[in-house]
Amino acid sequence: MTTRKLLASLLVSLVFVSTAAAQSKLAEEADDAFKKGFYFNAIELYKKAYTVEKKASTKAELIFKVGEAYKAIGDPQQAAVWYEKANKAQYTDPITYLYIGDMLKQDGKYAEAIAAYNRFKEKKPGDARADASIAECEQAQAWKDSPTRYSVDPEVLLNTQQYDFTPGFADKKNETVVFTSTRPGATGSETDQIIGESFSDLFTSSRDRLGKWSEPTKLPISINTEGNEGAPIFNSKRSMMYFTRCPMEKKKVYGCDIWVSKKVGNNYAEPVKLNLRPEKNDTITIGHPALSKDDDVLVFASDMKWPGHKGGKDLYSVKLDKDGMPTGAPVNLGADINGPKDEMFPFIRQDGSLYFSSNGRAGMGGMDIFHAEKSGETWTAVDNMKSPINSSSDDFGIAFEGEEERGFFTSNRAGGKGQDDIWRFYLPDMVFALQGTVYDKKTNQPLPGAKVSVVGTNGSNFSAITDDVGGFSFVENGKDRYIKENTTYSILAEKEGYLVVKDQITTVGLNESTTFVKEYFLQPAEVGGVVDLPSVIYDVDKFELLPASMDSLELAYRTLVDNPTMVVELRSHTDSRPTRRYKGGNMELSQLRAQSCVNFLVTKGIDPARMVPVGRGAEETKISDDQIKKMATKEEKEAAHQVNRRTDFKVLNYDYVPKAN
């Protein structure tokens, strides 16, 4: 796994329970290789030591260590296999069950991982790590099931079956990249003892107007050595390249450093090492440079024990002078960013936000990419970028293309060509549309020739006339769209001879493309036409409006507001049963009820000159007494009487002249 490849000298925080005295010479060599970070060699040596070891407990321990080495190089499948073998060999520490869960999680098998964590809970019921890991699996599955809007694909023309990772944009148009690769042709003939492949070099490629990448070529020998080079980043002028270099000498451990080279045309000058390393310490690793927008701050990863170190690899920042060189002491980014494990591969976007990868926070499996907001001299509010940017595998080295919501990152997930691969990502535009049909409410037939007008809070204003089948559509407006993000739209459907209908839609807060589909039913507004209102309820033999009745009169209110020249007769009806309270009977009661409706609408601002209260008593029942008598149950009969107790309005004319404000 490349995160170890560029940090070759780092040690993994593992404790081996055996002692050197109890081990064979092969086992001691294997332990030494592991401690130096030569995991590939360690695997072979542990396997050889196992074949000659006779003691059962020591054999189980060697099997466990093979699993640890596979975990260290980022091979979760093989690591899980060897942890299971350790269990079968009676390895005494139940930590194997926890690690099996970790490997299954990193392989994207969340349900199986949860089962493994539950086995660990059975072995060590007081250990809180199992519950935390189960919660992470459940969260990761939820993120996978409901991904963000980002779209990701492997950048096929840049990838090989080897390791290809961490591209940086090398020109101002962002059409040329420099990236890390172990592909054939890399400098030197030695094999990296960490992963058993070639050492990494920096390669470059450019894309044409069609987006096709040229055949990658290796940077000159001034940059590439027989050791590892990688993780490039360029300053804003694209005149200087910072990168990580880890020297190589057989069977020796060296740390890594950040180097900088000035770009001269298409070539690079002899690089200079940044003075960040404490004296007389060759094994500290310093790498993965990132630059602020103004090129005055460098952020990097290191395992050095500077003040504030949290554990593993932390992110640090250091000021740069006008020549791009460090000035002053590095500063740990603090507990908001750094945790007990590894934080690496930082990237600072032009808006100042920080992106980095970590294996020490709740994530989806391996290394995940996180985002943090700028806060003064540091960053805070760390958030996982979730699926599909992150996966159960290792995801790291994100780089945005300027201010655009697109760029590259690195992943060893399925779907690539080889080990680590370069993936491109972009955030597709959200696409919105409004379409629908207008109907005649009386006939339920489509209504052609109706006008649908839309006004947006962004200042937009557009309209359409419904077609022969009552349809309207607001989709594409030339190369633009009618309906935009983060906008609320007021809609008015109208036609001469009909009451208008108002509506509203909003794209504020939406995070996926949406087509709004609407149906509008226009009430014929001919003089004499009657419009039923929702149920206006009164207590028996009373005319005072109940709260629910006030809500029911909202339709009358909106209709009068939307049709400002309309004058109506507001009518109240009773059922056929006589009232005992009023001398005028149902006619008087219904008149009082109609007046109460008018009074309420006046309090809401409707001119009383536009409303004539009329009590119709039981003159216009919708269900006759004969029909009610034939009903089987008391409940049916009461429901029928309720239908007859109603309020409606009849259009008298359109002669009202609104008063000037």
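The values are calculated or read from the model by the stated rules, or taken from the named source; none is laboratory data. As the structure is a prediction and not an experimental result, all values here were calculated from the model. With ideal geometry, Cβ positions are generated from the backbone for all residues, glycine too; neighbour counts draw on all protein chains shown.
Looking across segment 289-321 at every residue that is touching a residue at least 60 places away in the same chain (Cβ under 8 Å) and in contact with an Asp or Glu (Cβ under 6 Å, 6 or more places away or on another chain), the one that is surrounded by the fewest Cβ atoms within 10 Å (Cβ to Cβ) is identified as Gly312. Scan segment 370-381 residue by residue and report those that are closer than 24 Å to Phe165 by Cα and over 12 Å from the mean Cα position of the chain (by Cα). If the condition is that a residue be closer than 24 Å to Phe165 by Cα and over 12 Å from the mean Cα position of the chain (by Cα), then Ala372 is the only one that fits.
Could you grab me the full set of residues in segment 416-436 that are surrounded by fewer than 19 Cβ atoms within 10 Å (Cβ to Cβ) and either within 21 Å of the chain's Cα centre (by Cα) or in a strand (DSSP E or B) (or both)? Please lay out each step first, then the result.
Within segment 416-436, the subset surrounded by fewer than 19 Cβ atoms within 10 Å (Cβ to Cβ) is 417-418, 424, 426-431, 433, 435.
Matches in segment 416-436: Arg424, Tyr426, Leu427, Pro428, Asp429, Met430, Val431, Ala433, Gln435.
Looking at this structure, is Lys386 on the phi > 0 side of the Ramachandran plot, of a type outside the set (Ser, Thr, Tyr), modelled with pLDDT of 95 or more and assigned to a loop (DSSP other than H, G, I, E, B)? Don't jump to the end; show me each part of the working.
Details: on the phi > 0 side of the Ramachandran plot: yes; of a type outside the set (Ser, Thr, Tyr): yes; modelled with pLDDT of 95 or more: yes; assigned to a loop (DSSP other than H, G, I, E, B): yes.
So Lys386 passes the test.
Looking only at residues of segment 567-588 that are out of contact with any helix residue (DSSP H, G or I) (no Cβ under 6 Å at 6 or more places or on another chain) and aliphatic (A, V, I, L, M), we find that the one that is surrounded by the fewest Cβ atoms within 10 Å (Cβ to Cβ) is Met587. Selection within segment 606-625: residues that are more than 16 Å from Pro578 (Cα to Cα) and among the charged types (D, E, K, R). The member of this set that is modelled with the lowest pLDDT is Lys622. Summed over segment 322-338, the residues that are among the polar types (S, T, N, Q) and assigned to a loop (DSSP other than H, G, I, E, B) give a count of 1. Hey, does segment 237-250 have a residue that's within 18 Å of Arg277 (Cα to Cα) and hydroxyl-bearing (Ser, Thr, Tyr)? Looking for residues that are within 18 Å of Arg277 (Cα to Cα) and hydroxyl-bearing (Ser, Thr, Tyr), one finds at least one in segment 237-250, hence yes. Whenever a residue of segment 213-227 is within 17 Å of Gly168 (Cβ to Cβ) and of a type in the set (A, V, I, L, M, F, W, C), its partners that are modelled with pLDDT of 95 or more and assigned to a loop (DSSP other than H, G, I, E, B), lying with C-beta atoms within less than 8 angstrom and at least six residues away or across chains, give the pairs Trp213/Glu155; Ile223/Pro271.
I want to confirm something. Restricting to segment 464-489 and keeping residues that are of a type in the set (S, T, N, Q) and surrounded by 14 or more Cβ atoms within 10 Å (Cβ to Cβ), which single residue is farthest from Thr506 (Cα to Cα)?
Quick first cut of segment 464-489, residues of a type in the set (S, T, N, Q) only: 466, 473, 477, 486-488.
The next check asks that each one be surrounded by 14 or more Cβ atoms within 10 Å (Cβ to Cβ); those that pass are 466, 473, 487.
Working: Thr466: 22, Ser473: 16, Thr487: 6 Å.
Checking each candidate, the answer is Thr466.
Of the helices (runs of 4 or more DSSP H) contained entirely in segment 561-655, those carrying at least 2 residues that are in contact with a Ser or Thr (Cβ under 6 Å, 6 or more places away or on another chain) fall at 585-603. Within segment 134-149, the set of residues being farther than 17 Å from Gln106 by Cβ and either touching a Gly at 6+ places or on another chain (Cβ under 8 Å) or not charged (D, E, K, R) (or both) comprises Ala142, Ser146, Pro147, Thr148. Which condition number in (1) outside the structural domain of Asp539 (by TED's automatic domain parsing); (2) without any contact (Cβ under 8 Å) to a residue 12 or more places away in the chain is the one that Lys630 fails? With (1) outside the structural domain of Asp539 (by TED's automatic domain parsing); (2) without any contact (Cβ under 8 Å) to a residue 12 or more places away in the chain applied to Lys630, the lone miss is (1). Determine whether Tyr557 is touching a residue at least 40 places away in the same chain (Cβ under 8 Å) and in a helix (DSSP H, G or I). So Tyr557 fits the description; yes.
Kindly indicate whether Lys341 is outside the structural domain of Leu104 (by TED's automatic domain parsing), more than 21 Å from Ile258 (Cα to Cα), in a loop (DSSP other than H, G, I, E, B) and touching a residue at least 60 places away in the same chain (Cβ under 8 Å). Walk me through it before giving the result.
Values: outside the structural domain of Leu104 (by TED's automatic domain parsing): yes; more than 21 Å from Ile258 (Cα to Cα): yes; in a loop (DSSP other than H, G, I, E, B): yes; touching a residue at least 60 places away in the same chain (Cβ under 8 Å): no.
It is false that Lys341 is outside the structural domain of Leu104 (by TED's automatic domain parsing), more than 21 Å from Ile258 (Cα to Cα), in a loop (DSSP other than H, G, I, E, B) and touching a residue at least 60 places away in the same chain (Cβ under 8 Å).
Based on what the data block shows, is Gly365 buried (at least 19 other Cβ atoms within 10 Å of the Cβ), in contact (Cβ under 8 Å) with a residue 40 or more places away in the chain and part of a loop (DSSP other than H, G, I, E, B)? Let's see the steps before the verdict.
On the way: buried (at least 19 other Cβ atoms within 10 Å of the Cβ): yes; in contact (Cβ under 8 Å) with a residue 40 or more places away in the chain: yes; part of a loop (DSSP other than H, G, I, E, B): yes.
Yes: the conditions hold for Gly365.
Where residues in segment 311-331 are under 28 Å from the mean Cα position of the chain (by Cα) and modelled with pLDDT under 95, which of them is farthest from Lys262 (Cα to Cα)? Steps first, please.
Our first condition is that a residue be under 28 Å from the mean Cα position of the chain (by Cα); within segment 311-331, this holds for 312-317.
Going one step further and asking which of them are modelled with pLDDT under 95, we end up with 312-313.
Numbers: Gly312: 32, Lys313: 28 Å.
Filtering segment 311-331 for residues that are under 28 Å from the mean Cα position of the chain (by Cα) and modelled with pLDDT under 95, the one farthest from Lys262 (Cα to Cα) comes out as Gly312.
Restricting Glu61, Glu112, Glu84, Glu122 to those that are free of Cβ contacts under 8 Å to residues at least 60 places away in the same chain and under 32 Å from the mean Cα position of the chain (by Cα) reduces the list to Glu112.
Just the residues that are among the charged types (D, E, K, R) and closer than 20 Å to Gly363 by Cβ, please, taken from segment 316-350.
Keep residues of segment 316-350 that are among the charged types (D, E, K, R), which gives 319, 321-323, 336, 341-343, 349.
Answer for segment 316-350, where residues must be among the charged types (D, E, K, R) and closer than 20 Å to Gly363 by Cβ: Asp336, Lys341, Asp342, Glu343.
Within segment 392-399, identify whether any single residue is buried (at least 16 other Cβ atoms within 10 Å of the Cβ), assigned by TED's automatic domain parsing to the domain that holds Asn359 and free of Cβ contacts under 8 Å to residues at least 24 places away in the same chain, and answer yes or no.
To start, the set of residues in segment 392-399 that are buried (at least 16 other Cβ atoms within 10 Å of the Cβ) comprises 392-399.
Remaining after also requiring assigned by TED's automatic domain parsing to the domain that holds Asn359: 392-399.
Okay, now just the ones that are also free of Cβ contacts under 8 Å to residues at least 24 places away in the same chain, so none.
No, segment 392-399 has no match at all.
For segment 614-637, the candidate set comprises residues that are over 14 Å from Arg571 (Cα atoms) and in contact with a Lys or Arg (Cβ under 6 Å, 6 or more places away or on another chain); within that set, the residue that is surrounded by the most Cβ atoms within 10 Å (Cβ to Cβ) is Ile628. For segment 55-62, the condition of being among the hydroxyl-bearing types (Ser, Thr, Tyr) and either surrounded by fewer than 23 Cβ atoms within 10 Å (Cβ to Cβ) or over 18 Å from Lys88 (Cα atoms) (or both) holds for at least one residue.
Being in contact (Cβ under 8 Å) with a residue 40 or more places away in the chain and under 15 Å from the mean Cα position of the chain (by Cα): is that true of Lys386 here? Break it down stepwise before answering.
Values: in contact (Cβ under 8 Å) with a residue 40 or more places away in the chain: yes; under 15 Å from the mean Cα position of the chain (by Cα): yes.
In short, yes.
Restricting attention to segment 480-523 and to residues that are among the small types (Gly, Ala, Ser) and modelled with pLDDT of 95 or more, the residue that is farthest from Thr559 (Cα to Cα) turns out to be Ser490. For segment 602-661, a residue qualifies if it is in contact with a helix residue (DSSP H, G or I) (Cβ under 7 Å, 6 or more places away or on another chain) and of a type in the set (Lys, Arg), and the qualifying residues are Lys604, Arg610, Arg616, Lys622, Lys637.
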